[in-house]
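The values are calculated or read from the model by the stated rules, or taken from the named source; none is laboratory data. What you are looking at is a predicted structure, and each value in this text was computed from that prediction instead of being measured. Here the Cβ is made from the backbone with ideal geometry for all residues, glycine too, and neighbour counts use every protein chain on show. Surface areas here come from the heavy atoms of the whole protein model, side chains and all, with no ligands, DNA or RNA. Shrake-Rupley method; radii C 1.70, N 1.55, O 1.52, S 1.80 Å.
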Amino acid sequence: MKKTLTLVLVLALIFGCVNFASAEEIKNFRNYETQAREMETFCYHYSQAAVDLNVLSNCYEHLLTNDSKGQLIPAAAKDFSSPDGGQTWVFHLKEGITWVDYKGEYMADCTSEDWLTGLEWVLNYAKNKSANTSMPIEMITGAADYYNYTKELTETEGEDAAKALGLDKFLEMVGIEAPDDYTLIYHCVDKLAYFPSVATYNCLAPLSADMIAEIGVDGYFGATYETMWYNGPYTITNYIYQNEKVLTKNESYINKDSVKLFDTVTIKMVESIDVAYEMFANGELDQIQLSASKLKTISEDENNPFHNYLVERRPTKYSYQIHLCYDKKNEDGTPDTAWNTAVANENFRLALYYGLDATNYLARTNSINPLSCQNFCYTANVVAVNSQGVDYTQLVRDEMGLQYSTEKFARYDADKAAAYKAAAIEELKAAGVELPVKMAYYISGSSTTAKETADVFANLIKTCLGDDLVVLDTKTFVSKLNTEVRDPQLASIYINGWGADFADPINFLGQETYGEDNAYYSQYYSKINNATDEKLIAEYKEFTELVNAAKAITDDTDARYAAFAKAEAYMLEHAFAIPWSYEVVWAITRVSDYSKIYTAYGNQSERYVNWETKADGYYTQAEYAEFAAK
């Protein structure tokens, strides 16, 4: 910490403390997103992807939200409490919340029934396809029973039968009550102190029963910005695929008089970060995240007009990992036997785990301070802290005997990697695998930045491991990774970030378990349930048992975290996935990141609420250092 603070102060001196900004704030904010990160659905309760939630979280008001320090604060609820120490949670709603259409026209009152409708949607197998079920199933009494009931109904009587269900059967089976229009009561399976943090995530978001009656179940699953209803701070008033989306202040928003909102937020969709930078330099955007080349150019040129306005942003909540696919297909749909055999081999995975020094890759995100981006746990930092104030990720590192380092990428161990590599080569050759194995890695074909990063990644593999075991085979997709690559199972690996949905490690570990419908990465990325290697399956099952044993501990938070740490250490020691990075970037911005919602869980952090801005200038690193110190 001391070294990091020193770095911040040195950078403040280097980059200067001059600020030419006026006190006037921005009213119409101009932002951007790359086309590779276009929205894939407007069905808020279904989505588990940041590309959707970053936008849609601005359109819905949850029971609770967070402030700039991460504390839970009321949103749609005016207060919340537990009368029995955490097993029953009572939320009282604010009166006057309304649903509007995309034009801001009144559609219906928003009452407690809409939270019932939202949870029923999430738990109904036919309506929501198992998405976002893990939290309510694990926490709310009867939720698992209702999910299984709708799944069985779908399988025996068809989807239409389950889709036709209203609230009667749901309320009969699930531990949620709405005794009046402005009270919600959740009954948990045990005393769950962290349950209120779930109220910031979309699995507990409201859903208008009147809207569903108007557009139908299939209409909501395939909703557009014009057909969905809004009760949050913004509506989406314009959406042009791969071009732009415009959020407009909701004049009916219940909290509009107590929070700061923009009149509009325009998000331009750009081909690449380089295109975004040109737009920013031309005055068309209010902030820009810098690519490695732009950061180098600006930081080394004191005459660059932006030189004095470089700021290092706060880490995002996402923990990035290399996710391995255990059932990869060739383009003709046949199994990629060479890759599937290699990735099932533990020595092969451990050669990657210990043999890749990610420093140069991290420098693609942060060339000034790359090791600030290093990541050694699957679970993200600051998601959970035990009663002694020890971060959960430290418990994991302690289990593994891994010491964090600010001098080098701490996990890299050339000797271990060489030993695992030699063993892998011997075993794979004996299995008839032709070496080197090709590792298919897909990037957006329109992104120069992605291509440059992939080249660094390919060189990193070659430099660290040679080219006789594995080589990176970089391929491109046109517009959507999910439909073009993930669904047909064409990639060997994905480098993805995952953020917590609430304040507990199960957010992360629960996505990787074996044989469970709601394990997101197992279902959609690793395809571990399709694996055939008996040793690999046995180890995954043991990991799953460890996770479920930890999950069952609800009366002792410290014991729960310790048990999860053992499960995570087991997972990493077998390299089922490989922790990779955090996103700590440099930017030029008219926004104070320290005024934004900041939290390690949920999807509130991308809401355009209470942002402090400068209409005529940019923040400096000295100002950011001052914000950080406070």
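Leaving out ligands, DNA and RNA, what percent of the accessible area of region 225-313 is carbon and sulfur, probe 1.4 Å?
Numbers: 1510 of 3580 Å².
On region 225-313, the fraction of accessible area on carbon and sulfur atoms equals 42 percent.
Under a point-charge model restricted to the Cβ atoms of Lys and Arg (+1) and Asp and Glu (-1), what is the dipole moment magnitude of the chain relative to its Cα centre, in debye to the nearest 20? Can you show the working numbers first?
Working: 52 positive and 91 negative charges, 369 e Å.
Dipole magnitude for the chain comes out near 1780 debye.
Summing -39500 (n - 2.57) over the DSSP H runs of n ≥ 4 in the chain and dividing by its residue number, what mean residue ellipticity at 222 nm do you reach, to the nearest 500 deg cm²/dmol? Before the final figure, lay out the partial values.
Working: 23 runs with 215 residues, N = 630.
Value at 222 nm, helices only, nearest 500: -10000 deg cm²/dmol.
Need one word for region 268-414: rounded, prolate or oblate. Basis is the Cα gyration tensor (sqrt eigenvalues a ≥ b ≥ c); a/c below 1.5 gives rounded, then a/b vs b/c decides. Before the final figure, lay out each step's value.
On the way: a/c = 2.17, a/b = 1.36, b/c = 1.59.
Oblate, because a/c is 1.5 or more while a/b does not exceed b/c.
Does region 547-607 classify as rounded, prolate or oblate by the C-alpha gyration tensor (a ≥ b ≥ c root eigenvalues; a/c under 1.5 gives rounded; else a/b over b/c gives prolate, otherwise oblate)? Could the numbers behind the result be given before it?
Numbers: a/c = 3.94, a/b = 1.79, b/c = 2.20.
The shape class here is oblate.
Over the chain, with the other protein chains present, what is the accessible area per residue in square angstrom, probe 1.4 angstrom? Walk me through the numbers before you get to the answer.
Working: 24430 Å² over 630 residues.
Per-residue value: 39 Å².
So what is the relative contact order for the chain, in percent, with contacts set as C-alpha pairs under 8 Å and at least six apart? Walk me through the numbers on the way to the answer.
On the way: 1310 pairs, mean separation 140.4, N = 630.
The value is 22 percent.
Cross-link candidates for K151: which aspartates and glutamates have Cα within less than 16 Å, leaving aside residues fewer than 8 places away along the same chain?
The qualifying aspartates and glutamates are E120, E159, D160, E516, D517.
For Cα pairs less than 8 Å apart in space and 6+ apart in sequence, what is the mean separation divided by the residue count of region 318-422, i.e. the relative contact order in percent?
Values: 104 pairs, mean separation 33.8, N = 105.
For region 318-422, the relative contact order is 32 percent.
Would you indicate which of [x] 67, 65, 51; [y] 72, 57, 46; [z] 94, 70, 56 is the value of Cα extents along the principal axes in Å derived from the coordinates of this structure?
Label [x] holds the value from this structure.
Please report the antiparallel percentage of the DSSP beta bridges confined to the chain, to the nearest 5. Walk me through the intermediate numbers first.
Working: 52 of 68 bridges.
Rounded to the nearest five, the antiparallel share is 75 percent.
For region 414-537, which whole-number percentage of the solvent-accessible area (1.4 Å probe, protein heavy atoms only) is attributable to carbon and sulfur atoms? List each step's numbers first, then the result.
On the way: 2420 of 5060 Å².
Here carbon and sulfur together make up 48 percent of the probe-accessible area.
Keeping the other protein chains in place, figure out the carbon and sulfur percent of the accessible area of region 32-145, with a 1.4 Å probe. Show your work: numbers first, answer last.
Working: 1630 of 3580 Å².
In region 32-145, the share of accessible area belonging to carbon and sulfur is 46 percent.
Classify region 49-155 as rounded, prolate or oblate from the Cα gyration tensor: take a ≥ b ≥ c as the square roots of its eigenvalues, call it rounded if a/c is under 1.5, otherwise prolate when a/b beats b/c and oblate if not.
Working: a/c = 1.63, a/b = 1.22, b/c = 1.34.
Oblate, because a/c is 1.5 or more while a/b does not exceed b/c.
At 0.36 nm per residue, minus the direct Cα-Cα distance, what do A549 and E331 gain on full extension? Give it in nm, one decimal, please. Show your work: numbers first, answer last.
Working: separation 218, 0.36 × 218 = 78.48 nm, distance 3.96 nm.
Length difference between fully extended and current span is 74.5 nm.
Would you tally the net charge around E157, using a Cβ to Cβ cut-off of less than 14 Å, leaving E157 out, and scoring K and R as +1, D and E as -1? Intermediate results must be reported in sequence, preceding the final value.
Numbers: positive: K151, K163, K169; negative: E152, E155, E159, D160.
Residues near E157 contribute -1 overall.
Determine the distance separating the Cα centre of region 574-630 from the Cα centre of region 71-147; give it in Å without decimals.
So the two Cα centres are separated by 28 Å.
Which entries in the list K451/K480; K69/K294; K296/K317; K328/K438 go over 23 Å, if you measure between the two C-alpha atoms of each? It would help to have the intermediate numbers written out before the result.
Working: K451/K480 16 Å; K69/K294 30 Å; K296/K317 25 Å; K328/K438 12 Å.
Listed pairs above 23 Å: K69/K294; K296/K317.
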